Amino acid sequence: MMKLIYADTFSIGAFHETFNASSLLMFAEIYPQITYRAPRSSKRNIERLIGCFPPNVTYKPIFCLAGLGHWGNFLRYLSSAIWNMILVLSQRHDEILYFNYNSLWATRIVNTIVKIRKTKVIITCHGELEYLQNNIKLNAPAQAGLKLFTNPKWNIAEGLYFCVLGKSILKNISQVVDKKHLTKFISYEHSFIPHQLEGRVKKDEKFRIGTVGTIREYKGLNQLLAIGNALKENSDILFYALGRVTCDPNLLLQSNVQFIPGSEKDYVSKEVLNQYIDSMDYLIFTYPTDKYKFTASGALFDAIDREKVILSLHNDYFDEIFRMVNIGKQFSSVDSLVEFLCCNNWDEIGNIDFRCNKQKLSYVSAAIDFGKELKKRFLV
């Protein structure tokens, strides 16, 4: 069987840690030998989530330039692109090279190298395909790399594949990617590492509802504020925003939305975030119904792992997860969600088999399905 190089040339610290950890373990179920390449800060975060690496995973560090502000981001993108090219150039023919993040700056050059060397490479796409749908302009090198997917004249190397994180996303890519390239896309389900939870005791009789994930406009800030305002008159319900606050925190406070102290200044640690999630009764996801056509939600899996009932608006990605498992209830609008909360219609949810859900969505289940796909493509 082929060996795998799992290359994370972009993550710093807690960046995409749920995905990074679960996908590494998923590949460890598929391949007999893995070399894990990542910056040390990312590796330390992964170790906190999974403990000791599986015996078939060997770590080799890479150095990623990064910093604060515009120039810090520039160095991070540049070093990631350089590392991608180095790893493709040094790849052996008995190895599959997997990039867990798509460095758009390097896409064209990586494709050329794969053509010449006739190697096999898989690159994961995260949210960049959303930019094509919404016509969001990136910096010039990234924009050039992104536009390749819409260009029918671009020839993707025989051994190069792009990976998306869910069947619903794979169905949607024909909306933004030229039809010539569709056969070069594969998918596996974004998964997570199930944890055994200890019993929890409520502090008081208050009903706590929270949202998980970075708080920003395109991820449903307006809906969040609307829910907070609607619940102002209900003193028995406390509403929280759990995650990095990138908007003006006063907007949340004015709408009666509480948040984790310090989250308006920096990212929240996994340990602190889990403590707050554990204190919630329900979790709400207000991502707009026209979003998440091409992006998976790591925050959703954090919520499932902590065994929380999920209330969400309909969108393609969440609809697919709800078809796979029963995790709560979906709504067609914020108004109908608010009405549900204000009327205390908790009995509508019914019993949820958290243990079964976690098994179906775990990295072990994802490995079984994706292993079959890789065999079809001679990538294992």
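Just a few scattered comments:
- Since only Ile82, Thr119, Ile62 are under comparison, the one whose Cα sits farthest along the positive direction of the charge dipole of the stretch 44-121, derived from C-beta charges on Lys, Arg, Asp and Glu, is Thr119.
- All C-alpha to C-alpha distances of the chain, sorted into 20 Å bins beginning at zero, yield P(r) values of 27, 58, 15, 0 percent in whole numbers.
- Translational diffusion of the stretch 72-111, µm² s⁻¹ [Kirkwood Rh, Cα pairs; Stokes-Einstein; 10 °C; 1.306 mPa s]: 149
- Within the accessible surface of the stretch 123-261, defined with a 1.4 Å probe on protein heavy atoms only, the carbon and sulfur portion equals 50 percent.
- Computed FRET value (nearest 0.05) for Glu348 with His70, which takes r as the C-beta separation and R₀ as 51 Å: 0.55
- Furthest towards positive pole of dipole, Ile327, Pro261, Gly166, structure part the chain, Cβ charges: Gly166
- Counting only lysines at least 8 places from Lys171 when in the same chain, those with an alpha carbon closer than 23 Å to its own are Lys147, Lys153, Lys179, Lys180, Lys184, Lys219, Lys291, Lys293, Lys360, Lys372, Lys375, Lys376.
- Projected area, mean over directions - the stretch 1-150, Cα convex hull, nm²: 9.1
- Both the radius of gyration and Dmax for the stretch 234-327 are 13.9, 38 Å, in that order, over alpha-carbon atoms.
- Charge dipole (debye, nearest 20) of the stretch 126-239; +1 at Cβ of Lys and Arg, -1 at Cβ of Asp and Glu: 260
- In a simple Cβ point-charge model (Lys, Arg +1; Asp, Glu -1; nothing else charged), the chain has a dipole of about 1920 debye relative to its Cα centre.
- Within the stretch 4-56, the ratio Rg/Rh, alpha carbon atoms throughout and Rh by Kirkwood, equals 0.92.
- Remark: accessible surface ordering of Cys163, Cys52, Cys247 (largest first) is Cys52, Cys247, Cys163, probe radius 1.4 Å.
- Put a plus charge on the Cβ of each Lys and Arg, a minus charge on the Cβ of each Asp and Glu, and nothing anywhere else: the dipole of the stretch 12-102 about its Cα centre is then about 300 debye.
- Three-way shape call for the stretch 75-206 based on the alpha-carbon gyration tensor, with the a/c threshold at 1.5: prolate
- Sorting the segments 138-145, 220-227 by their mean number of nearby beta carbons within 10 angstrom, highest to lowest, gives 220-227, 138-145.
- Remark: accessible surface ordering of Phe53, Phe370 (largest first) is Phe53, Phe370, probe radius 1.4 Å.
- In the context of the full set of protein chains, residues of the stretch 10-101 present 46 Å² of accessible surface per residue (probe radius 1.4 Å, heavy atoms only).
- Heavy atoms of Trp105: accessible area, 1.4 Å probe, square angstrom to 10: 50
- Residue-count net charge about Tyr31 - beta-carbon cut-off 11 Å; Lys, Arg +1, Asp, Glu -1: -1
- Förster-model FRET efficiency, 51 Å R0, Trp154 and Gln254, C-beta, rounded to 0.05: 0.60
- Counting all C-alpha pairs of the stretch 257-380, share separated by more than 20 Å (%): 54
The values are calculated or read from the model by the stated rules, or taken from the named source; none is laboratory data. Fair warning: this is a prediction, and the values are worked out from it, not measured in the lab. Note that each Cβ is placed from the backbone with ideal geometry, even for glycine, and that neighbours are counted across all protein chains shown. Note: accessible area is taken over every heavy atom of the protein model, side chains too, but ligands, DNA and RNA are not part of it. Shrake-Rupley method; radii C 1.70, N 1.55, O 1.52, S 1.80 Å.
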